[in-house]
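Right, one structure below, let's go through it.
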Amino acid sequence: MNTANDRQQNGVPACEEMTEPAQGEAVQTNGRGGEAIRVRGVVQGVGFRPFVVTLAGQAGLFGRVWNDAEGVMIHAWGEPEQLEAFAARLSASAPPLARIEAVEVTPLDTACEDNRFSIIDSAAGETNTGVAADAALCAACLHELLDPEDRRYRYPFINCTHCGPRLSIIHAVPYDRASTSMAVFTMCPVCQMEYDDWNDRRFHAQPNACPECGPYLWLEYGEGGGYIEGNIEAERGTDIEAADPIRQAAGLIRSGAIVAIKGIGGFHLVCDATNSAAVQRLRQRKRRYHKPFALMAGSVGQIGSHAQLTEKEQALLESVEAPIVLLAAKADHPRRIAAEVAPMQGRLGFMLPYTPIHHLLMLELDDPVVMTSGNASDEPQCIDNSDAMLRLEGVADAFLLHDREIVNRLDDAVIRVAAGRPRLLRRGRGFAPGPIRLPEGFDKAAALLAMGGELKNSFCIISNGHAILSQHMGDLENSETLRDYYHNLDLYRQLYDFKPEQIAVDLHPDYLSGKRGREMAAGAGSGLIEVQHHHAHIAAVMAEHGLAPGTQVLGVALDGLGMGEGGELWGGEFLLAGYAQFQRLGSIQKVAMIGGARAIREPWRSAYAHLHALGWNKVLNRFPGLDIIHYLNSRPLGNLNRMIERGVNAPMASSSGRLFDAVAAVLGICREYTAFEGEAAMALEAVAEAAFDREQGNAYPVSLIEQEGVAVIQWQPMWMALLADLASGVSAERIAARFHHSFINAVADQAQLLAKQNGMDRIVLGGGVFQNALLLEGVTRRLSESRFRVLAPEMVPANDGGLAFGQAAVAAAR
């Protein structure tokens, strides 16, 4: 460790506590000019002030740096070229967890008499640090973790200013140790010395700890259906405390057991990903029968043995956010990932170790592991030891536990590269609660809270020109998820000292988020703004890409379902949209959702609705031998027909999601039911991928009509051609690929036509259906070739996880 004297000898001034000169006070400058440099963004609690002092010393500057309510303020004196280079490097070389939004430079007419650069204290009440996102273990801490000579060797809670828990451990602001779950651990003298020394990497690292004073880890056996007793000779009693719990957990995993591991934002259930029996057992116990499991591998090289990996995807895996990255699977590895990990999918979701516990675990294992959320199906993941042992009893064979409280639940973030750019599918650990700078012109917007949707819920607050989009919470129909939603609403309002003047909700009257928002608005006297679902999807993309208020675009919003105008159900819309208003110019064909919400879970219902719209008798006469015809004839078609004719529990909907479900069902994919939202569409994309390139010129035809002033894409010609292919024995892969090309062509042609008619050169793509990479890339390519500027979601999810951000942008503009 460098001392202050060492640093002075190297040209870096030592730190001395100073007081800020009185305003206007003149002191000697030694002939050099001064600048006040304001740095905005996530710059507090991330080691920014020590970084500034080091950078200033390298540049030969003197002055001071301190935190205040707006970020970090620097007063620096030196030669003009030194000051210019210093200001440029503040952004270019910032610490890993810093997020620089602006560096604003103004001349100083005061001077400094000392040739030194110091950190000074902020005045009481000025500092508002906010909260950085949790970050993956940094290289320096990993080196110490694996160094037998280091005092933190194999310590599973090692961290520093550049890595470790943040949001997951905080109770309140300001972000200091007393406001976190580390408050119960008193630092030993050595850790305290590190914490107090600005030259140290652990200066003001709130979770700082070591084996002498910090949290500890242990292993407990669970019931797990008796698997350990029947299959593994496990040491018990006093031996369990003497042994290394991580090595014991690794041994259990190698032997086929399921281990619940408490991480940084919640519990994971872990098993050997190459062991089919273990993965099947996990699916049965967890009651998660089809949805893909996430995987963790020990290295990029190990991932590359099981999945195709580009440079962009590797960079995402190795980033400080350490998300799950969806990768194209390989099929030729001698120890293949079990097929049960991702049934009917062509992609595997991999992540690298991001906590010391994960690093130590993966060092003991030769193969990737399943690393799925520690919960029963559809419930939030466990975060508390006793709750985990209760809720995961009979699921986990053993529990790797620790005594640092997880205050705030954080799911792993999920990301995919599509159309050449990373696309965030789930905003979680590593990303939330990072602020998003709103476009210029929103600076004066009222303090605003947007409540989000019903599925994949997140919420958003707007204050001082910034949006804070919360972490993913899930489907609010689950009572535990709803409770978590309420907890996080209260937490964020406290963290950001936030009192909304306006509350934005979705138009749908039955969304639980909307009901809560309406109650809050009524109780607090806040203004209430209702935002149409698909308008919010388009506004989210506009705001993410920095489009100014007053801009208009042609928006294409494709998803499963959302409440439209007049109580209609929409899901395939073409909108002439600004932030404040929109006009519906086009749509896709409406068909009945037979059985209401059951149509979402049972794709055969959507198949029949489309074939009924085509003319069921015509289909019967033309294609009597098709398997789908025999299947549908076994259903109570008389009852279904009456539901459609009378409009009883069969609302009409222009849903893109249900169209994909229908095609999947006709091809025998997820025909009977789906276990999770989007399963049929995801499986259809995976089937289409193999034949997609060679079927590019074989798209099916569609037709375009006008209904009530809206241009509507009709699918009847496509269905006739698709069924003819099916009757002729064309493979499911080729038909799925042709359907994708048909949909791409129809959407791109409609968008181009409407954009040209309305003088738009920007086309914005939004909604969860655009998570389909074949669709996103195909539509983007077609529109770009026609010289349109195409904008699509990147760091705000295309699905309803980004809905609140769009609601907030619309409400702010209004």
Item to check | Members of region 246-305 that are within 17 Å of Ile357 (Cβ to Cβ), among the polar types (S, T, N, Q) and assigned to a helix (DSSP H, G or I) | outcome: Gln248
Checklist entry - Within the bounds of region 553-562, is there any residue that is open to solvent by 10 Å² or more (accessible area, probe 1.4 Å) and either assigned to a helix (DSSP H, G or I) or of a type in the set (S, T, N, Q) (or both)? => result no
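Each row is one residue, and each column tells you yes or no for (1) under 25 Å from Cys138 (Cβ atoms); (2) at pLDDT 90 or above.
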site	(1), (2)
Met73	no, yes
Gln82	no, yes
Phe86	yes, yes
Ala94	yes, yes
Arg99	yes, no
Val103	yes, yes
Thr110	no, no
Ile120	no, no
Checklist entry - Taking the stated definitions as given, is Gln345 in a helix (DSSP H, G or I) and either of a type outside the set (D, E, K, R) or surrounded by fewer than 19 Cβ atoms within 10 Å (Cβ to Cβ) (or both)? => result no
Next on the checklist: Testing Pro435 on (1) surrounded by 18 or more Cβ atoms within 10 Å (Cβ to Cβ); (2) out of contact with any helix residue (DSSP H, G or I) (no Cβ under 7 Å at 6 or more places or on another chain); (3) modelled with pLDDT of 95 or more, one condition comes back false. Which one is that?
Outcome noted: (3)
Checklist entry - Can you pull out the residues in region 774-806 that are of a type in the set (Phe, Trp, Tyr) and either in contact with a helix residue (DSSP H, G or I) (Cβ under 6 Å, 6 or more places away or on another chain) or surrounded by fewer than 20 Cβ atoms within 10 Å (Cβ to Cβ) (or both)? => result Phe805
Next on the checklist: List pairs: first residue in region 739-756 and farther than 22 Å from Trp719 by Cα, second residue open to solvent by less than 10 Å² (accessible area, probe 1.4 Å) and not hydrophobic (A, V, I, L, M, F, W, C) anywhere in the structure, Cβ distance under 8 angstrom, at least six positions apart or on different chains.
Outcome noted: Leu754/Gly586
Checklist entry - Counting only residues that are small (Gly, Ala, Ser) and in a loop (DSSP other than H, G, I, E, B), which one in region 563-590 is most open to solvent (accessible area, probe 1.4 Å)? => result Ala580
Checklist outcome for this item: Conditions (1) among the aliphatic types (A, V, I, L, M); (2) within 27 Å of Val747 (Cβ to Cβ); (3) open to solvent by 30 Å² or more (accessible area, probe 1.4 Å) -> Leu620 fails only (2)
Checklist outcome for this item: Apart from one, (1) open to solvent by 50 Å² or more (accessible area, probe 1.4 Å); (2) in contact (Cβ under 8 Å) with a residue 12 or more places away in the chain all hold for Gly678; the odd one out is (1)
Next on the checklist: If I ask for residues that are more than 17 Å from Arg287 (Cβ to Cβ) and without any contact (Cβ under 8 Å) to a residue 24 or more places away in the chain, which ones from region 367-408 would you list?
Outcome noted: Asp384, Ser386, Asp387
Checklist entry - Would you pick out the residues in region 699-716 that are polar (S, T, N, Q) and either surrounded by 13 or more Cβ atoms within 10 Å (Cβ to Cβ) or outside any strand (DSSP E or B) (or both)? => result Ser703, Gln714, Gln716
Next on the checklist: What's the number of the only condition in (1) part of a loop (DSSP other than H, G, I, E, B); (2) over 26 Å from Ala69 (Cα atoms) that Pro500 fails to meet?
Outcome noted: (2)
Checklist entry - With respect to Glu777, is the statement that it is of a type in the set (D, E, K, R) and farther than 27 Å from Asp412 by Cβ true? => result no
Item to check | Pairs, first free of Cβ contacts under 8 Å to residues at least 40 places away in the same chain in region 180-198, second open to solvent by less than 20 Å² (accessible area, probe 1.4 Å) and assigned to a helix (DSSP H, G or I), C-beta under 9 Å, six or more apart | outcome: Met187/Glu194
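Quick grid of which residues meet (1) in contact with a Phe, Trp or Tyr (Cβ under 6 Å, 6 or more places away or on another chain); (2) of a type in the set (Ser, Thr, Tyr); (3) under 22 Å from Val43 (Cβ atoms); (4) crowded, with 23+ Cβ neighbours inside 10 Å:
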position	(1), (2), (3), (4)
Arg152	no, no, no, no
Tyr155	no, yes, no, no
Gly164	no, no, yes, yes
Ile169	no, no, yes, yes
Ser181	no, yes, no, no
Thr186	no, yes, no, no
Met193	no, no, no, no
Asp196	no, no, yes, no
Item to check | Odd one out for Glu733 among (1) open to solvent by 30 Å² or more (accessible area, probe 1.4 Å); (2) within 28 Å of the chain's Cα centre (by Cα) | outcome: (2)
Item to check | Failed condition for Leu528, given (1) closer than 30 Å to Leu754 by Cβ; (2) open to solvent by 50 Å² or more (accessible area, probe 1.4 Å); (3) at pLDDT 95 or above | outcome: (1)
Checklist outcome for this item: When region 199-218 is checked residue by residue, the ones that are open to solvent by 20 Å² or more (accessible area, probe 1.4 Å) and touching a Cys at 6+ places or on another chain (Cβ under 8 Å) are Asn199, Arg201, Glu212
Item to check | Selection count where residues are surrounded by 21 or more Cβ atoms within 10 Å (Cβ to Cβ) and at negative phi, scope region 467-483 | outcome: 8
Item to check | Scan of region 353-400 for residues that are surrounded by fewer than 24 Cβ atoms within 10 Å (Cβ to Cβ), of a type in the set (A, V, I, L, M) and within 30 Å of Ala773 (Cβ to Cβ), ordered by number | outcome: Met362
Checklist entry - Could you say whether any residue in region 409-420 is open to solvent by less than 20 Å² (accessible area, probe 1.4 Å) and farther than 30 Å from Glu311 by Cα? => result no
Item to check | Filter result (open to solvent by less than 20 Å² (accessible area, probe 1.4 Å), farther than 26 Å from Arg283 by Cα and assigned to a loop (DSSP other than H, G, I, E, B)) within region 645-675 | outcome: Ala650
Checklist entry - Does region 490-503 contain any residue that is open to solvent by less than 10 Å² (accessible area, probe 1.4 Å), farther than 30 Å from Arg781 by Cα, modelled with pLDDT of 95 or more and within 22 Å of the chain's Cα centre (by Cα)? => result no
Next on the checklist: Let me spell it out: the conditions are (1) under 30 Å from Ile158 (Cβ atoms); (2) open to solvent by 40 Å² or more (accessible area, probe 1.4 Å); (3) among the polar types (S, T, N, Q); (4) in a loop (DSSP other than H, G, I, E, B), and Ser319 meets all of them except one. Which number is the exception?
Outcome noted: (2)
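The values are calculated or read from the model by the stated rules, or taken from the named source; none is laboratory data. The model shown is predicted, which means the values in this text are computed figures rather than measured ones. In this analysis, Cβ positions are derived from the backbone assuming ideal geometry, glycine residues included, and neighbour counts consider all displayed protein chains. Accessible surface is based on the protein model in full, side chains and every heavy atom, while ligands, DNA and RNA are left aside. Shrake-Rupley method; radii C 1.70, N 1.55, O 1.52, S 1.80 Å.
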